[in-house]
Every structure is written in structure tokens, then in C-alpha cells.
Amino acid sequence: MPPRDAAAARETVILRHPWPVRLMHWINVLACTVLLMSGLQIFNAYPALHWGKSSYDGRPPILQMGARQDAAGNPVGFTRIFGHEFDTTGVLGMSSGVERGFPAWLTLPGHQWLAMGRRWHFFFAWVLVVNGLAYVAYALASRHLARDLVPTRADWRSIGQSVGDHLRLRHPRGEAARHYNVLQKLAYLGVIFVLFPALILMGWAMSPGLNALLPGWVDFFGGRQAARTLHFVAAWLLVGFVFIHVFEVVVSGLWNNLRAMISGRYRIAGEERRDE
Amino acid sequence: MNEPSDSRRRFLQRALAAGGALVLSGCDRLSRIEWFAGLLASAEKLTYASQRLLLTRRAMAQEFSEADLSPFFRSNGTSNPRDPAYQALAAAGFADYRLEVGGLVAHPRSYSLAELKALPSRTQITRHDCVEGWSAIGKWKGAPLARVLEAVRPLPSARYVVFFCADPMNARGQRYYESIDMEDAFHAQTLLAYALNDAPLPIRNGAPIRVRVERQLGYKMAKYVMRIAVVDRLDDIEGGRGGYWEDRGYEWYAGI
């Protein structure tokens, strides 16, 4: 074989993500960013979390942020979790000299403005739900779910291997790079079919209107205030997923991955065929 | 070797900070553009329509047991109206209080507190959800608004019920007001409440009469109600959006 053909064989460009997936991915990025930041704005209106049905049941909050004066008379921001207090001046409880839960650079709008925070939140909540339903419909109809996301028998067998590869930051090459690996599949399935539905359900559980749909359904989550707490926790779990996701994107080839999610084109590097 | 990577890092940090600030200030600026804020607010119509589709007039807010009662029912907003006329009423134990009910009705009339208490009553232990995020559980007793409306007979053109309150909210003397649609007005749990936790309604919680609209947020449940008007439009009242907080950007439909 001439060398040029060999080089071509080692480097293939495939269509990694079809356009509907790319489009819905970026709509989701926008919606989730707005929802997180406007959600923190809403949290700041009452920067405490409770377990149970109400906030006034004689028990202290499980998480609370606020500001107070220390012995020297200086204002400090604090965060109290399960009775343990931490000095979080500058970030939580107090930032830029103002008493507030999360700092201005994390909330939307930046300053305290609950009414506008709610507008952003509920508009993009609809965007998230409509986009999510469109994604699920597409994933089923196009067999994206069955073909790309559901782990195969071989996937399940390779789970130990995949964990090891991830820990050593070793990434699939050649033929194996054409498909998601098993941990990737499980992470995506978990986020799409567990975390997002849970987040949306906890959000609905806070709506006094939807509470009347089937009286008592909110108690399944431990009550409205528990649902608020779980909504908050689930939001940060999603942030945790995004950190891992972006980390993996960076270490497994930032530009190649990014291009695959923008134009769809994904370059598969030289086949070492270490499996064969 | 160190210098370029340091300056590159500094450049990246600055670029990130600048980019972040641009996005943030962009979003803050967007919030101040009327048509964009209006676009965001359009979600309220979708929420209202879908909740009205899902919830019939019979769909009841959850009711709780005595064991769930909050030890102290928090007061929010006005806790004692700074208004001489209201203070005079309160000093006399609301003996001279009259609730005016009028607008688009066949038989406008007024009710004394005793007359409201003489109407068939309803007692309910419900959860009060504030727009800020907290909840408190209280036991309310009052006259269903439906009984009062049946007595005054709203005209066919009636679309909203507006509550005008005694408490001045700002230096300009604008008073609190709120409004609900006829679906909520005739809902079984919508009360003109005069008792909280088996005691006369305290001033901090809205004495002598506060509204309970259990399928919406706390700010819909006006305190210190002095007058009720049945209307066919809201845009000619005060700021035109149907409530004191609505005029300041909050949703009129607060079922979410």
C-alpha cells in the first residue's frame, strides 16, 4: 500500500452526532445554565433548606446561609449544614458586602430580583421540558436510544476494563471510538432518564397548583420543603455531571469532541488494534 | 518558559472573567428590555392554561392534620397596617368593620364581621407557600367566598374578583390589592378567613379578614380585605396587572 492510503486508513472522519442531537444538546446547555443561575436567585429569596412539609415545624433548617457579626463586630457570611457552621464570607451568606445566599456572579439576574429570576426560570423550564420530550421522541424514533445508548452485552462485560481506562485517562481509539463506552452510556442514561425527570418532578412538587392534582402526592418526596431540598441537591448533582462530562471532553480531545457536537464531524485517530 | 505560560494563563483568566461578565451583564440587560421580559413572562400564560386544563374546580389543595401545624404562623409583608382608619377599626375590635362587595354584581351589599361569621363556615388545615420559598401550615376558618358571591350574584360578564386592602405599601400610599379568576373564586377552599389556629385572626396575619386561595402562592392571599369588586378587566385598576406585586413584575397566576 502506498503511504498516503495508509495514512487515510489510520484517520477517518465520521458523522458523530446527527443534527437533531446537536441542536437539542445546545438548547439543553442554554436552558440548564439559565435554570441553575435563576434557581440560585430564587433560592436566595429564602436561603435555607428544610426536610418535611413546612419550614416551620419546630426543627431547624438542614442548610442555611446568612450573615452575622463576629466578636470584633465585622460582618461574616456563614453556611450552616446539619448544625455545623462554616465561615463562607465572600462566597456564601455574604458577598460584596451584602447579605445573600449565593454570590451575584452565580445568580440570574445578578442582584436580588426574585420576580425576574422566576420569569427566567419558568420560561426556560418550559424550554427544558419541550426540548427533553422532543429528544426522547427522537431517540426512540431514530433508534438513537437503542443503537447508541443502551449498553450491549459486550459493554456490560467490559465494565471493569472501562473503569480502569477512565481512571488512567485512556481513551478508546480506532473502531472502539465510534461508539460510546459503557460508563458514558450509563452516565447519559442516568442523567436523561433519572436525574432530569427527578429534577422536573421535584420542581412540580413545589407548585401549589400541581399539588392539588392528586392531593398528597408531594408526600412521596417527603413533603414540599423536602422536594425543594431534593430539587436543590439534584441541580448540584447535574452540575457534578457537567464537570465530569466537560473534563472527559477535554482530556479525550477537546476540539475533536467540540467539533463533533457543532458540525457533527469527528476524527477517529490511528487504529492501534490493541484489542485484536 | 515560565513567563509566557503565566501571561497566557493570566490572559485566559481575564478572557474567562470578561466573557462571564459579558454574559451576566447581557442577561441583566436583557431582563430590562421590555419585549424580552415580556417574552419570558409569556411562559405564565402556558403555565396558567395547562394548570387550568389539568385542575378542575373540584381539585383540592392538600389538607393536613393538627400534628402538622406550624408552632408559630409567620407573618410576612405588612404586620400592622399604618393607617389611622384601620387602627380605629382595630381598636374597637372590628365592631364597625364593613366588607363592601360590589362591582359587576346584581345585588351589591356589605357585611359586618358578625354577618360573615354567621355564614356557613369551612375549616381547613393547609400549607401556605410563600413565593420566597418557605411554607407554613395553619388551620383556617372562614366563610367560603362562593357563599358571598352567590348572595351578590355576579353578572355574566364577571371574570375576576378583586380584593382591596387596608394596608398602605409605600410612601405614595398605594394599598395592597389582589385578584383571582372565577374558577378560584368559586373553589371550595377559597375562604374569607377570620380565624387562624382556633383563635381570631391576629392583626399580623391579616385581621379581620384575609383571603385563602389554597392552590396559589401566599401573595395572592390578601390580608386586611376591606372591599371586594367583581370586574371584567384588570388593566384599569392600579398598575393594571391585577395585584400589588404583579404590578412589580410577579406573575398574576401564582399556581407555580
At R0 = 25 Å, how high is the FRET efficiency between A:A71 and A:V98 if r is their beta carbon distance? Nearest 0.05 is fine. 0.70
Interface size B-A, as summed buried accessible area [1.4 Å probe, Å², nearest 100]: 3800
Over chain A: Rg over Rh, Cα atoms, Kirkwood Rh: 1.06
Once the principal axes of the Cα atoms of the stretch B:85-172 are found, what is the range along each, listed largest first in whole angstroms? 40, 31, 30
Solvent-free Debye scattering, log10 I(q)/I(0), computed from the Cα coordinates of the stretch B:61-248 at q = 0.08, 0.12, 0.13 Å⁻¹: -0.23, -0.53, -0.63
If you build the convex hull over the alpha carbons only and average its shadow over all orientations, what do you get for the stretch B:49-113? Give it in nm² to one decimal. 8.8
Using only protein heavy atoms and a 1.4 Å probe, report how much of A:H166 is accessible, in Å² to the nearest 10. 40
GNM, chain B, Cα, under 10 Å: largest mean-square fluctuation among B:P208, B:P71, B:P108? B:P71
Please report the relative contact order for chain A, taking Cα pairs under 8 Å with a sequence separation of at least 6, and give it as a percent rounded to a whole number. 26
In the stretch A:193-231, which residues have a backbone nitrogen under 20 Å from the label point lying 7 Å from B:T56's Cα in the Cα-to-Cβ direction? A:209-217
Other chains near B:20-27: what is the mean number of their Cβ atoms within 10 Å of each residue's Cβ? 3
Give me the tail of P(r) for the protein assembly as shown as a percent: Cα-Cα pairs with distance above 46 Å. 26
With a 1.4 Å probe and all protein chains kept in place, how do A:L63, A:L201 rank by accessible area, largest first? A:L201, A:L63
Whole-percent carbon and sulfur share, accessible surface of the stretch B:61-248, 1.4 Å: 50
Degrees between helix B:43-54 axis and first principal axis of chain B (Cα, 0 to 90, nearest 10): 50
Residue-normalised accessible area of the stretch B:61-248, expressed per residue, 1.4 Å probe, Å²: 39
At a Förster radius of 41 Å, what calculated FRET efficiency corresponds to the Cβ-Cβ distance of A:V136 and B:N170, to the nearest 0.05? 0.30
Assuming 0.890 mPa s and 25 °C, estimate D for the stretch B:20-150 with Stokes-Einstein, Rh taken as the Kirkwood radius over Cα pairs, in µm²/s. 124
For chain A, what is the calculated [θ] at 222 nm in deg cm²/dmol (nearest 500), taking -39500 (n - 2.57) for each run of four or more DSSP H residues and dividing by its residue count? -16000 deg cm²/dmol
Nearest 10 degrees is fine. How inclined is helix A:114-141 to the longest principal axis of chain A, computing both from alpha carbons? 30
Too long for a 22 Å Cα-Cα cut-off, among A:K53/B:K45; A:K53/B:K117; A:K53/B:K139; B:K141/B:K223; A:K53/B:K223, are A:K53/B:K45; A:K53/B:K117; A:K53/B:K223
Calculated FRET value between A:L167 and B:A146, using beta carbons and R₀ = 56 Å, to 0.05: 0.30
Of A:V218, A:G117, A:L140, which is farthest towards the positive pole of chain A's charge dipole, taken about the Cα centre with +1 and -1 on the beta-carbons of Lys, Arg and Asp, Glu respectively? A:L140
With contacts defined as alpha carbon pairs under 8 Å and 6 or more residues apart, what's the relative contact order of the stretch B:174-235 in percent? 29
Per q in 0.20, 0.22, 0.24 Å⁻¹, report the Debye log10 I(q)/I(0) for the stretch A:48-101, using one uniform scatterer on each alpha carbon and no solvent. -0.68, -0.77, -0.85
A drop of at least 20 square angstrom in accessible area, chain alone versus all protein chains together, probe 1.4 Å. Which residues of the stretch B:71-113 meet that? B:P71, B:R74
Rg/Rg_ref, the stretch A:79-230, where Rg_ref = 2.2 N^0.38 Å and atoms are Cα: 1.42
Counting only protein heavy atoms, what percent of the accessible surface of the stretch A:42-199 is carbon or sulfur at a 1.4 Å probe? 65
Roughly how many debye, to the nearest 20, is the charge dipole of the stretch A:55-143 about its Cα centre, given +1 on each Lys and Arg Cβ, -1 on each Asp and Glu Cβ, and no other charges? 400
Per residue, how much accessible surface does the stretch A:48-101 expose to a 1.4 Å probe? Answer in Å², no decimals. 56
Within the set A:L35, A:L189, A:L167, GNM on chain A using Cα springs under 10 Å gives the largest fluctuation to A:L167
Given the options A:A154, A:A177, A:A104, which has the most mean-square fluctuation in a GNM of chain A, springs set between C-alpha atoms less than 10 angstrom apart? A:A154
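The values are calculated or read from the model by the stated rules, or taken from the named source; none is laboratory data. Note that the structure is predicted; figures quoted are calculated from it, not measured. When we count neighbours, we look across all protein chains shown, and the Cβ atoms used for this are built from the backbone with ideal geometry, even at glycine. Accessible surface is based on the protein model in full, side chains and every heavy atom, while ligands, DNA and RNA are left aside. Shrake-Rupley method; radii C 1.70, N 1.55, O 1.52, S 1.80 Å.
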